[in-house]
2 protein chains.
Amino acid sequence: MPAAFAADAQSADLPSWNDGDAKSAIVDFVTRVTTEGGRDYVAVPDRIAVFDNDGTLWTEQPNYFQALFINDRVKALAPEHPEWKDKEPFASLLKGDMAGVAASGEKGIVELGMATHAGMTTEAFNKIVTDWFATARHPRFDRPYNEITFLPMRELLDYLRANGFRTYIVSGGGIEFMRPMTEEMYGIPPEQVIGSSITTRYQLEGDTPVLMREPTVDFIDDGPGKPVGINKFIGRRPIFVAGNSDGDYEMLRWVTSGPGARFGLIVHHTDGEREWAYDRQSHIGKLDKALTEAPERGWQLVDMKADWNRIYAFEK
Amino acid sequence: MPAAFAADAQSADLPSWNDGDAKSAIVDFVTRVTTEGGRDYVAVPDRIAVFDNDGTLWTEQPNYFQALFINDRVKALAPEHPEWKDKEPFASLLKGDMAGVAASGEKGIVELGMATHAGMTTEAFNKIVTDWFATARHPRFDRPYNEITFLPMRELLDYLRANGFRTYIVSGGGIEFMRPMTEEMYGIPPEQVIGSSITTRYQLEGDTPVLMREPTVDFIDDGPGKPVGINKFIGRRPIFVAGNSDGDYEMLRWVTSGPGARFGLIVHHTDGEREWAYDRQSHIGKLDKALTEAPERGWQLVDMKADWNRIYAFEK
């Protein structure tokens, strides 16, 4: 164990956080669990922190970034699929008719997902995703997606790691959509990324083993799937959890109901000017039940507008 | 990165390995991938080693230890299940008639597995397994199971870790059967254990969230499932792999066909006196195809009788 991790909490380097309840609560928690001999001390191997991704570490508006990826991929693949012109939900998507896409329901969305995510090796998909992140730009900010991450949350990840935590992503997004970029964006290596997945199958191409991505769902890492995913991949209960929507509710419940000191954090999207403002009524990132129960459960709300002096690194 | 990991290979501390081809090949590989500036140098984050468990890290005779656990559990639970006296495969098991159990086929085995592994929370199962390992004894050696591990392989795990490797278990055995004991036995933490699993489901007991173990198969981490499991849990291809049976064949293929320096190791059970001698004809741990292809694939055979001067730590 590096000596630094056993000492008292490293001083907080959270410059994008305004002084206030949220920052104080975070620093107080980290100080307590890292103070040797203290009542709430937690050994380094058990200092595990889990973070939702969409809406918690990066923006999820005007749509989930993976949905924007699907949109771009369908357009890129359309020349090879002339039949899509007359086939829903592809036809609507190609015409830019998002209401038409939505009308195809979950079945339609899954079809779009499979057409763009399956039928290739894991390595081929990795390259497609890597290339997309290198070239695609966010529709509102006209910047690469790795700049649409929340600077205060990246500071929080760094701060926790400086205090001996291992940081994991636990997202409803695709595990192989995230893994090619989480190291660069967040300092989180692939083995600490948990997400939804389609099945993969071992096969030989000639004499070379590959893993083929198949068009069937393997695991949905959302809602009650999040504690299941954490238990499956990590095998221990984290002590710190951050989310922003009701899709994180069960993960918040499961993590914060463990014994000893626990911390639950909810990013509340309150800044319609610098980012977006939404909660109980939102189609994307709906935050209702978890918002209602936050006070009684002791979950710390982060008021994006009041608590963060910068949201993105590109802001002045 | 700890400075020690970036330096040349730490000197090999493999006292239970006799000097010979196997030991030389291991030390040569570790030296090459850890020599900075060398052609085969591998950065620390990519130094990932995967190990099968049954027959590779511990003995798998006279039967898989998890099968022996099932046997003990059915007997312990029998008083609560009077109906088992007349129901196969429980009836045969309770009479000690293993041929009768085998006659029930895979369906019967799954039934025994579910009766002993499902219908309880993950925490309750963890306690059952922990208690079993604390009290059960191996039928031949009359010692706790944590002593029936291969000392040379534990030295190898330590040696790799001293050289910046992260060591993972990739086993056909149950993930939650292994996790309670791999840290103590092998120095491998729960998040570095990949195995077969049944589904778990988030639910509330009163107001307390728990994960219930359900009687349905989630994932079979054997044969072609091993590369799939590695990709799912780790998200990168290891550079070192150790196995002992055809159940490790696809994992050996997939790991050793990656680019750059790779090492494939096969533990060959050749010592009928100190352990067991078996390979191509064995019902448990059959090693046939992988043994045939080892020379052409460049996989290093470890001849247990010739290469290991001690098998278990309790030997004089």
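Within the range B:110-125, find all residues whose amide N lies under 19 Å from a label point positioned 7 Å from the Cα of B:GLU205 along Cα-to-beta-carbon.
Only B:115-125 fall inside the zone, counting backbone N under 19 Å.
Against the longest alpha carbon principal axis of chain A, how many degrees, from 0 to 90 and to the nearest 10, is the axis of helix A:65-77 turned?
Once rounded, the angle reads 20 degrees.
Counting only protein heavy atoms and using a 1.4 Å probe, what share of the accessible area of the range B:130-203 belongs to carbon plus sulfur, as a whole percent?
For the range B:130-203, the apolar C and S fraction of the accessible surface comes to 48 percent.
Using protein heavy atoms only (no ligands, DNA or RNA), what is the total accessible area buried between A and B, 1.4 Å probe, nearest 100 Å²? Walk me through the numbers on the way to the answer.
Details: alone 14450 and 14450 Å², together 26050 Å².
Buried area (both sides, nearest 100 Å²): 2800 Å².
For the range B:65-135, with only Lys/Arg (+1) and Asp/Glu (-1) charged at the beta-carbon, what is the dipole magnitude about the Cα centre, in debye rounded to 20?
That gives a dipole near 80 debye.
Ignoring ligands, DNA and RNA, how do A:GLU60, A:GLU83 rank by accessible area with a 1.4 Å probe, largest first?
The ordering from most to least exposed comes out as A:GLU83, A:GLU60.
Would you work out if the range B:143-191 is rounded, prolate or oblate? Take a ≥ b ≥ c from the square roots of the eigenvalues of the alpha-carbon gyration tensor; rounded if a/c is under 1.5, else prolate when a/b is larger than b/c, oblate otherwise.
On the way: a/c = 2.08, a/b = 1.25, b/c = 1.67.
Oblate.
Would you please give the FRET efficiency between B:LYS95 and B:ASP21, computed as 1/(1 + (r/R0)^6) with r the Cβ-Cβ distance and R0 = 51 Å, to the nearest 0.05?
The pair B:LYS95/B:ASP21 has a calculated efficiency of 0.60.
If you find the alpha carbon centre of the range B:85-158 and of the range A:65-103, how far apart are they in angstrom?
52
Got a sec? What order do B:ARG201, A:ARG310 fall in by accessible area at 1.4 Å, biggest, i.e. largest, first?
B:ARG201, A:ARG310
How big is the accessible area of A:ARG166 in square angstrom, nearest 10, if you roll a 1.4 angstrom probe over the protein chains?
Only protein atoms counted, so the area is about 60 Å².
Below 13 angstrom from the Cβ of A:SER24, what's the summed charge of the other residues (Lys, Arg +1; Asp, Glu -1)?
-2
Using a 1.4 angstrom probe on the protein heavy atoms only, could you order A:TYR64, B:TYR168 from most to least accessible area? Before the final figure, lay out the partial values.
Working: A:TYR64 85, B:TYR168 10 Å².
From most exposed to least exposed: A:TYR64, B:TYR168.
Please say if chain B is rounded, prolate or oblate, where rounded means a/c under 1.5 for a ≥ b ≥ c the square roots of the C-alpha gyration tensor eigenvalues, and otherwise the choice is prolate for a/b larger than b/c and oblate otherwise?
prolate
Given a 1.4 Å probe, show me the residues in the range A:199-241 buried by at least 50 Å² of accessible surface when comparing the whole protein assembly to the chain alone.
Hits at the 50 Å² cut-off: A:TYR202, A:PRO209, A:LEU211, A:VAL228, A:ASN231, A:LYS232, A:PHE233, A:ARG236.
Cα centroid distance between the range A:239-290 and the range B:222-251, in Å?
36
In whole Å, what is the distance between the alpha-carbon centres of the range B:26-61 and the range B:201-219?
Taking the Cα centre of the range B:201-219 as reference, the centre of the range B:26-61 is 37 Å away.
Kindly state, to the nearest 0.05, the FRET efficiency for B:GLN281 paired with A:LYS75, given R0 = 41 Å and r defined as their beta-carbon distance.
0.10
Treating the angle as unsigned and between 0 and 90°, give the value, to the nearest 10°, between the Cα long axis of helix A:105-117 and the longest Cα principal axis of chain A.
Value to nearest ten degrees: 90.
Could you list the residues of the range B:232-273 with an amide nitrogen less than 15 Å from a label point located 7 Å from the Cα of B:ALA306 in the Cα-to-C-beta direction?
What the label zone holds, given the 15 Å backbone N cut-off, is B:266-272.
Taking a label point 7 Å from Cα toward Cβ, how far is B:ALA277 from its twins in the other copies, in nm, shortest first?
8.1
If I take every Cα pair under 8 Å that is 6 or more residues apart in the range B:166-284, average their sequence separation and divide by the length, what percent do I get for the relative contact order?
Computed over the range B:166-284, the figure is 17 percent.
Find every distance from the label point of B:GLY105 to the corresponding label point in the other copies (7 Å from Cα along Cα→Cβ) and write them in nm, one decimal, shortest first.
When each copy's label point is compared with this one, the spacings are 3.8 nm.
Note every residue of the range B:253-276 with a reduction of at least 20 square angstrom in accessible area, all protein chains present versus the isolated chain, computed with a 1.4 Å probe, or write none.
The answer is B:ARG253, B:TRP254, B:SER257 - residues whose exposure falls by at least 20 Å² when every protein chain is included.
What residue among B:TRP84, B:VAL193, B:GLY105 has its Cα farthest toward the positive end of the dipole of the range B:72-211, where the charges are +1 on Lys, Arg and -1 on Asp, Glu, each on the Cβ?
Sorting the options by dipole projection puts first B:GLY105.
Note the full-extension length gain between B:GLU147 and B:ASP28 as 0.36 nm times their separation in residues minus their Cα-Cα distance, in nm to one decimal.
Length difference between fully extended and current span is 39.9 nm.
With each run of n ≥ 4 DSSP H residues scored as -39500 (n - 2.57), what mean residue ellipticity at 222 nm is computed for chain A after dividing by its residue count and rounding to the nearest 500 deg cm²/dmol?
Mean residue ellipticity at 222 nm (helix-derived): -11000 deg cm²/dmol.
Once amide H atoms are placed 1.01 Å from N in the peptide plane, what residues at a sequence separation of 5 or more from A:THR121, or on another chain, have their amide H within under 5 Å of its amide H?
Under 5 Å from the amide H of A:THR121 lie the amide H atoms of A:ARG213, each far enough along the sequence or on another chain.
As a check on your reading of the symmetry: which chain B residue has its Cβ nearest the axis that brings B onto A, and how far is it in Å?
Residue nearest the B-to-A axis, with distance in whole Å: B:PHE233, 3.
Leaving out ligands and nucleic acids, and using a 1.4 Å probe, what accessible area per residue does the range B:65-135 come to in Å²?
Result: 52 Å² per residue.
I'd like the FRET efficiency for A:ALA43 and B:ASP46, computed as 1/(1 + (r/R0)^6) with the beta carbon distance as r and R0 of 22 Å, rounded to 0.05.
On the way: r = 27 Å, r/R0 = 1.25.
Between A:ALA43 and B:ASP46 the formula returns 0.20.
Can you list the copy-to-copy distances for B:ASP72, using a point 7 angstrom from Cα toward Cβ, in nanometres, shortest first?
5.5
Would you please classify the overall shape of the range A:54-126 from the alpha carbon gyration tensor, given that a ≥ b ≥ c denote the square roots of the eigenvalues, rounded means a/c under 1.5, and beyond that prolate means a/b larger than b/c while oblate covers the rest?
Judged from the Cα gyration tensor, the range A:54-126 comes out oblate (a/c at least 1.5, b/c at or above a/b).
The values are calculated or read from the model by the stated rules, or taken from the named source; none is laboratory data. None of these values were measured; they are calculated from a predicted model. Using ideal geometry, Cβ is built from the backbone for each residue, glycine included, and neighbour counts are taken over all protein chains shown. The protein model used for the area step is the full one, side chains on, heavy atoms only, and it has no ligands, DNA or RNA in it. Shrake-Rupley method; radii C 1.70, N 1.55, O 1.52, S 1.80 Å.
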